[in-house]
Amino acid sequence: MTTTTGSAAGTDWRAWQESWDRQQEWYMPDREDRFRVMLDMVEALVGPAPRVLDLACGTGTITARLLARFPEATSTGVDLDPALLTIARGTFRSDERVSFVTADLKDPDWVTRLPYESYDAVLTATALHWLHSEPLAALYGQIAELLRDGGVFMNADHMIDETTPRINAAERARRHAHMDEAKANGAVDWGEWWQLAAQDPVLAEPTARRFEIYGEHADGDMPSVQWHARVLREKGFAEARPVWCSPSDTLLLALK
Ligand SMILES: C[S@@+](CC[C@H](N)C(=O)[O-])C[C@H]1O[C@@H](n2cnc3c(N)ncnc32)[C@H](O)[C@@H]1O
């Protein structure tokens, strides 16, 4: 998705965004539903011109949908992946409403890199299961401090209820059957997408660096909805509950 010059200026960032979206949708066909509800709740709780932190932003998926719906919003994207951040920075290169920060969310000082001390909303999707429960609980405390009073945090992610093993197994089998079907029809999975990035003249170097940082994928936990809601309250949120769920995923909202 880069012209023969191999320069960032010749890269089709929109094409990379779209191929990232298709790859993520292979795992989550209802991915856009969670973003729609997330932005509905942003509007309901902090209005149509929020200052947002797009946490573990990847290519800036949430930021793109936020600005398309709320042109007066501003966004800070934070992530550690140099390749996904290259795509994010390329996509929003001339947009003054957006800035990106490279940081490891497990670093206790990551918040000091942010351009603002306070946000109206912290939004994240399909990312915090890359962290183990202990660093995630610490991160929840930092997010509570970053939000203004009345500010909102939303996390859309895989949240597993270990007390329902037969339901979980049936849901997983159904989901994987659909994925196999989509794969037979040409869907690109995580590994194949990264192979494409590694072959791109602009993304090859940051892709090599991201594999040094993470390997194929970081190792984390997928605690239950109840765990997330309880820990968020313990860390300073006044209210916390799901506002959307699918058979495998939940969008959890916490209000400060
Ligand atoms: C599957 S991607 C999701 C990206 C984006 N939120 C989306 O929905 O498309 C997971 C993201 O979490 C980021 N991430 C995981 N662990 C991180 C950490 N410790 N610090 C910063 N970012 C992290 C990864 O780099 C990656 O961009």
- Item | Which numbered condition ARG65 fails, given (1) more than 13 Å from the ligand (Cβ to nearest atom); (2) basic (Lys, Arg); (3) closer than 22 Å to ASP30 by Cα | (1)
- Message: For THR76, only one of the following conditions fails: (1) under 30 Å from MET179 (Cα atoms); (2) in a strand (DSSP E or B). What is its number?
- Response: (1)
- Item | Tabulated pairs, the range 100-111, first under 21 Å from ALA88 (Cα atoms) and in a strand (DSSP E or B), second away from the ligand (no atom under 11 Å from the Cβ) and at pLDDT below 95, C-beta under 9 angstrom, 6+ apart or interchain | none
- Query: Is it fair to say ALA218 is closer than 30 Å to ALA8 by Cα, of a type in the set (A, V, I, L, M) and under 19 Å from the mean Cα position of the chain (by Cα)?
  - Reply: yes
- Message: Cβ contacts < 8 Å: first residue farther than 25 Å from TRP194 by Cα, restricted to the range 68-90; second residue surrounded by fewer than 20 Cβ atoms within 10 Å (Cβ to Cβ) and hydroxyl-bearing (Ser, Thr, Tyr), any location; separation 6+ or different chain. Result?
- Response: SER75/SER99
- Message: Of the conditions (1) within 12 Å of the ligand (Cβ to nearest atom); (2) assigned to a loop (DSSP other than H, G, I, E, B), HIS129 satisfies every one except a single condition; which number is it?
- Response: (2)
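Here is a yes/no grid of residues against (1) within 10 Å of the ligand (Cβ to nearest atom); (2) at positive phi; (3) at pLDDT 95 or above:
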| residue | (1), (2), (3) |
| --- | --- |
| THR3 | no, no, no |
| ALA15 | no, no, yes |
| GLU18 | no, no, yes |
| GLY60 | yes, yes, yes |
| GLU72 | no, no, yes |
- Item | Qualifying helices (runs of 4 or more DSSP H) (wholly inside the range 158-256; at least 2 residues being among the small types (Gly, Ala, Ser) and in contact with a helix residue (DSSP H, G or I) (Cβ under 6 Å, 6 or more places away or on another chain)) | 190-199
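The values are calculated or read from the model by the stated rules, or taken from the named source; none is laboratory data. For clarity, every value in this text was computed on a predicted model and none was experimentally measured. Note that we place each Cβ from the backbone using ideal geometry, even for glycine, and neighbour counts take in every protein chain shown.
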